[in-house]
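Have a look at the structure below before the remarks.
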Amino acid sequence: MRPARDFFAPLAVGAPAPLREIPARPSRAIHFFDPGNEKMAAKVPDMVGPGSNGPDVLLGNLEDAVKAENKEKSRQGLVDIGRATDFGPTQFWTRINSLDSPWVLDDLTTLVPEIGDKLDVIMVPKVQGAEDIHYVDRLLAQLEAKAGLTKPLQVHAILETARGVANIEEICGASPRMQGLSLGPADLAADRRMKTTRVGGGHPGYLVRQDPVRDDLGVPQYDAQRTTYQQDLWHYTIARMVDACAMHGIYPYYGPFGDIKDTVACEDQFRNAFLLGCVGAWSLHPVQIKIANKVFSPSVEDVAHARRVIAAMGDGTGAVMIDGKMEDDASVKQCQVMVALAEELAAIDPELKEQYDRIEVAGV
Ligand SMILES: CCC(=O)SCCNC(=O)CCNC(=O)[C@H](O)C(C)(C)COP(=O)(O)OP(=O)(O)OC[C@H]1O[C@@H](n2cnc3c(N)ncnc32)[C@H](O)[C@@H]1OP(=O)(O)O
Ligand SMILES: O=CC(=O)O
Ligand SMILES: [Mg+2]
């Protein structure tokens, strides 16, 4: 067991000191692209920079969705993009191949020396337990030391196996590099033997049905029309993920939504995740970037309300009535969460800043 005092010690001589706290950087859309796909790669330079049109995170994907025969091309493409691009405020992440694959060692031993100074976060798929994070943690420290890096790479785990879900707390606390978790609904569904072939989102068969109406004698009319309510297949896992991340001071994300054309359901799924505490989601296609940016930014109305409550609550103790509703020490904290996020986003998104500033001017 690693004693508490060693938790923040570098794992290799000369490796940068681990972060004490994971910075809260905007990451509403983690945009996936295949660096070996020329068409996608060509779009990357235009996606970089401040504003609400691009993603907060550009992620060069090396794992699933990249054909086995293209793994090396994609890895090299990522190196080229990393070297050639000034990412400005946009974060640059990669998803490496899984730890049981023949490609992951080359992924890490190539990427860290070549573009380790450009990368912010390494996403590790199919994490099963703390042992997977410990492996990556030590290897990264060795590679960082060898490459002379001064900033530690952060690690993000995808929750996509039943074992990973069962070990969620130990995964989050396995290393000071842990930045966050994403839900991986496709692999997780397969691993759990769930009977859905969809990539994320709901399912019309997962529902509850209104009780049958009864006739005058109290006999249930099973064949009469009854309303059904579709439920969220992912609620349990997302809720667990949010609690585990909050407990460890790291960040939870909804993962992929595969029905690219169904932008309405994508927005709903992202919003459920936002309301439950997630800070962002993956975008697989450019059309999903805008959805994530919209959903994971607090609305102007919510920010206006939160600012009013904070102002009315003074030192944050006691109880007040605003618009017929009670506000107190706890609800002011909810409002502080909303305002803190708005400020974080306004700092990198001029369009949002303008919208939030207008509230002040109007004195709402
Ligand atoms: C399920 C579990 C997981 O692991 S999810 C994560 C792994 N999957 C991925 O990363 C998928 C990434 N996305 C894609 O491969 C493509 O978007 C898919 C879904 C195949 C659709 O591509 P395509 O049929 O070309 O779409 P389209 O014709 O509407 O594209 C229009 C133009 O946009 C481009 N584009 C597409 N996706 C991206 C992307 N992610 N990043 C950057 N550019 C993208 C297309 O190349 C196309 O470009 P052009 O207009 O022809 O020059
Ligand atoms: O990697 C993501 C997934 O859903 O699987
Ligand atoms: Mg997966």
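Derivation of every value follows stated rules applied to the coordinates shown; laboratory data play no part. Quantities reported herein were computed from a predicted structural model and do not represent experimental measurements. In this analysis, Cβ positions are derived from the backbone assuming ideal geometry, glycine residues included, and neighbour counts consider all displayed protein chains.
Overall shape: prolate for the range 4-296, with the ratio a/c of the largest to smallest alpha carbon gyration tensor axis at 1.5 or above and a/b above b/c. Dividing the summed helix terms, -39500 (n - 2.57) for each DSSP H run of n ≥ 4, by the number of residues in the chain produces a 222 nm estimate of -13000 deg cm²/dmol to the nearest 500.
Potential lengthening of the chain between VAL208 and VAL337 amounts to 43.1 nm, from the contour at 0.36 nm per residue minus the alpha-carbon distance. When you restrict to C-alpha pairs under 8 Å that are six or more residues apart and normalise by the size of the range 301-361, the relative contact order lands at 31 percent. The calculated FRET efficiency for ARG20 paired with ASP323, based on their beta-carbon distance and R0 = 56 Å, is about 0.85.
Neighbours of ASP86, meaning other residues whose beta-carbon lies under 15 angstrom from its beta-carbon, give a summed charge of -2 when Lys and Arg score +1 and Asp and Glu score -1. Counting only the Cα atoms, the range 73-120 fills a convex hull of 67 Å³ per residue. Set the Förster radius R0 to 56 Å, insert the Cβ-Cβ distance between ASP302 and LEU217 as r into 1/(1 + (r/R0)^6), and round the FRET efficiency to 0.05. The computed FRET efficiency comes out at 0.65. Chymotrypsin sites (Phe, Trp or Tyr not before Pro) within the range 1-104: which are DSSP loop residues with at most 15 other Cβ atoms inside 10 Å? Listed in order of number, the matching sites are PHE7, PHE8. Looking at the square roots a ≥ b ≥ c of the eigenvalues of the Cα gyration tensor of the range 301-361, which shape do they give, rounded for a/c under 1.5, prolate if a/b is larger than b/c, or oblate? In terms of gyration-tensor shape, prolate.
Summarising the label geometry, the points placed 7 Å from Cα in the beta-carbon direction at ALA65 and MET194 lie 1.8 nm from one another.
With the simple spin-label model, which puts each label point 7 Å out from Cα in the Cβ direction, the VAL13 to ALA312 separation comes to 6.3 nm. Along the axis of the charge dipole computed for the range 172-277 (Cβ charges of +1 for Lys and Arg, -1 for Asp and Glu, origin at the Cα centre), the listed residues ALA239, PRO204, PRO220 are led at the positive end by ALA239.
Can you tell me the length gained on complete extension of the stretch ARG138 to ASP117, counting 0.36 nm per residue apart and subtracting the Cα distance?
Here the segment from ARG138 to ASP117 would lengthen by 5.8 nm.
Axis of helix 235-248 versus longest Cα principal axis of the chain: the two differ by about 60°, to the nearest ten degrees. Classification of the range 215-355 by its C-alpha gyration tensor yields an oblate form. The axis ratio a/c (a ≥ b ≥ c) is 1.5 or more, and b/c is at least a/b. Look at MET40, MET313, MET241 and count the other Cβ atoms within 10 Å of each Cβ; fewest to most, that gives MET40, MET313, MET241. Computed extension length for ARG358-ARG83: 95.1 nm, one decimal, from 0.36 nm per residue of separation with the Cα-Cα distance subtracted.
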